[in-house]
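Q: Structure provided below as structure tokens; questions to follow.
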Amino acid sequence: PDFARQTYAQRAGNFSNAAAKQLLDTMERKQSNLCVSVDVTKSSDFISVIEAVGPYVALIKTHIDVLDDFQPSVIDALTALGEKHDFLIFEDRKFADIGNTVGLQYSSGIYKIASWSHITNAHTVPGPSVVTGLASVGLPLGRGLLLLAEMSTKGSLATGDYTKSSVRMALDHPEFVIGFIAQSRMDSAAAQLGYAGKDLLVLTPGVGLDSRGDGKGQQYRTPKEVVEESGCDVIIVGRGIYGDGRNLDVADVRAKAERYRTKGWLAYRNRIAP
Ligand code: BMP
């Protein structure tokens with residue numbers, strides 16, 4: 001099957017993992033393939049941005065460790081907004097250690113990521129034990145994992161054989177790994193590895209409509225390039241929506257989220273019914 005031509009609702013049936021099904025169903029229900037990455041350092045701004053964009057997103061991505069004034073109550077507020085606005089939560093933790101350590105980092109410490117984040121991600125550099133270590137914590141909770149198969153940054157080393165080996169790691173753990181952070185669909189790599197029948201999601205950062213880069217290595221492509229031309233499933237947008245995070249203009253943040261949601265959905269419609 002050509003998964004890139006299926007609807008998100010159809011694809012929910014391709015997954016056994018609860019978080020993947022929930023994400024695809026949410027995308028279909030809200031007609032949104034937008035994930036907003038809320039990389040601000042004040043908890044009050046964090047909540048303000050999420051309140052503003054909540055109606056337009058299927059997923060909120062966090063870097064919970066950049067909050068200067070983190071308190072566990074922020075997680076309660078985030079979870080409540082997720083229920084109110086019908087979105088899932090993705091902590092962009094990029095785990096990259098031995099299985100025992102990543103299991104502890106996922107379950108414990110100040111953040112207790114596994115207790116609130118539906119989806120998280122990992123670098124594949126340690127090999128398959130990073131997946132099994134995280135799965136031992138996340139799978140009983142119905143969580144899902146994304147593997148970083150490619151990065152958006154200039155000069156990224158995650159290319160070629162590294163990317164292909166990351167695809168193999170995902171295909172070997174279909175109950176917990178739901179897809180990738182990547183810049184394009186991984187179907188041809190999967191087919192080369194002899195797994196043409198397995199659907200995996202592609203969530204893509206480095207998306208912007210008004211800029212091609214940030215001067216610090218980030219590279220931006222448009223929703224059309226990412227979803228329609230490269231076959232990715234979810235656009236991840238941060239500063240394209242809230243700028244540098246200073247002097248937040250909530251009405252403008254809302255308008256930008258609406259704009260990215262519209263562009264992302266149009267690119268998806270064009271892809272499934274060209
Ligand atoms: P922005 O749209 O403001 O450039 O933010 C992009 C977000 O996506 C950041 O949170 C960054 O950590 C993340 N990200 C990325 O930009 N490129 C990758 O390859 C992987 C990421 O997780």
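Nothing in this text is a laboratory measurement; each read-out follows from the coordinates by a stated rule. In this text, all values refer to a predicted model and were calculated from it rather than measured experimentally. So basically every Cβ, Gly included, is an ideal-geometry build from the backbone, and we count neighbours across all protein chains shown.
Q: Given the residues 101, 124, 132, which is the only one that is in contact (Cβ under 8 Å) with a residue 40 or more places away in the chain and surrounded by fewer than 17 Cβ atoms within 10 Å (Cβ to Cβ)?
A: 132
Q: Follow-up. Out of all the residues in the range 171-187, which are away from the ligand (no atom under 12 Å from the Cβ), of a type in the set (A, V, I, L, M, F, W, C) and in a strand (DSSP E or B)?
A: 177, 178, listed by residue number.
Q: Counting just the residues of the range 86-102 that are in contact with a strand residue (DSSP E or B) (Cβ under 9 Å, 6 or more places away or on another chain) and not charged (D, E, K, R), which one comes out farthest from residue 22 (Cα to Cα)?
A: Looking at the filtered set, the residue picked out is 101.
Q: Scan the range 151-170 and report the pairs whose first residue is touching a residue at least 24 places away in the same chain (Cβ under 8 Å) and away from the ligand (no atom under 12 Å from the Cβ) and whose second residue is outside any helix (DSSP H, G or I) and aromatic (Phe, Trp, Tyr), with Cβ atoms within less than 8 Å and a gap of 6+ or a chain change.
A: That search, which allows pairs on different chains as well, returns 166/180; 167/180; 170/180.
Q: Going through the range 22-49 one residue at a time, which ones are under 22 Å from residue 93 (Cβ atoms), without any contact (Cβ under 8 Å) to a residue 60 or more places away in the chain and surrounded by fewer than 23 Cβ atoms within 10 Å (Cβ to Cβ)?
A: Selection gives 42, 43, 47.
Q: Sticking with this one: Given (1) of a type outside the set (D, E, K, R); (2) away from the ligand (no atom under 12 Å from the Cβ); (3) closer than 30 Å to residue 2 by Cβ, identify the lone condition not met by residue 237.
A: (2)
Q: Scan the range 223-274 residue by residue and report those that are hydrophobic (A, V, I, L, M, F, W, C), buried (at least 24 other Cβ atoms within 10 Å of the Cβ) and more than 22 Å from residue 24 (Cβ to Cβ).
A: Selection gives 241 alone.
Q: For residue 163, indicate whether it is within 25 Å of residue 91 (Cβ to Cβ) and in a helix (DSSP H, G or I).
A: Judged against the criteria, residue 163 is a match.
Q: Of the residues in the range 108-130, how many are outside any loop (DSSP other than H, G, I, E, B), more than 16 Å from the ligand (Cβ to nearest atom) and under 21 Å from residue 88 (Cα atoms)?
A: 2
Q: In the range 188-208, which residues are in contact with a helix residue (DSSP H, G or I) (Cβ under 7 Å, 6 or more places away or on another chain) and either part of a helix (DSSP H, G or I) or within 11 Å of the ligand (Cβ to nearest atom) (or both)?
A: 189, 190, 204, 207, 208
Q: Let me ask something additional. Could you tell me which numbered condition residue 244 fails, if it satisfies all but one of (1) within 11 Å of the ligand (Cβ to nearest atom); (2) without any contact (Cβ under 8 Å) to a residue 12 or more places away in the chain; (3) under 20 Å from residue 268 (Cβ atoms)?
A: It is condition (3) that residue 244 fails.
Q: Collect the residues in the range 71-98 that are surrounded by 17 or more Cβ atoms within 10 Å (Cβ to Cβ) and within 17 Å of residue 147 (Cβ to Cβ), keeping them in residue-number order.
A: Scanning the range 71-98 gives 90, 91, 92, 93, 95, 97.
Q: Give all pairs with beta carbons closer than 6 Å in which a residue from the range 254-274 that is polar (S, T, N, Q) meets a residue that is in a helix (DSSP H, G or I) and surrounded by 18 or more Cβ atoms within 10 Å (Cβ to Cβ); count only pairs at least 6 apart in sequence or on separate chains.
A: 270/228
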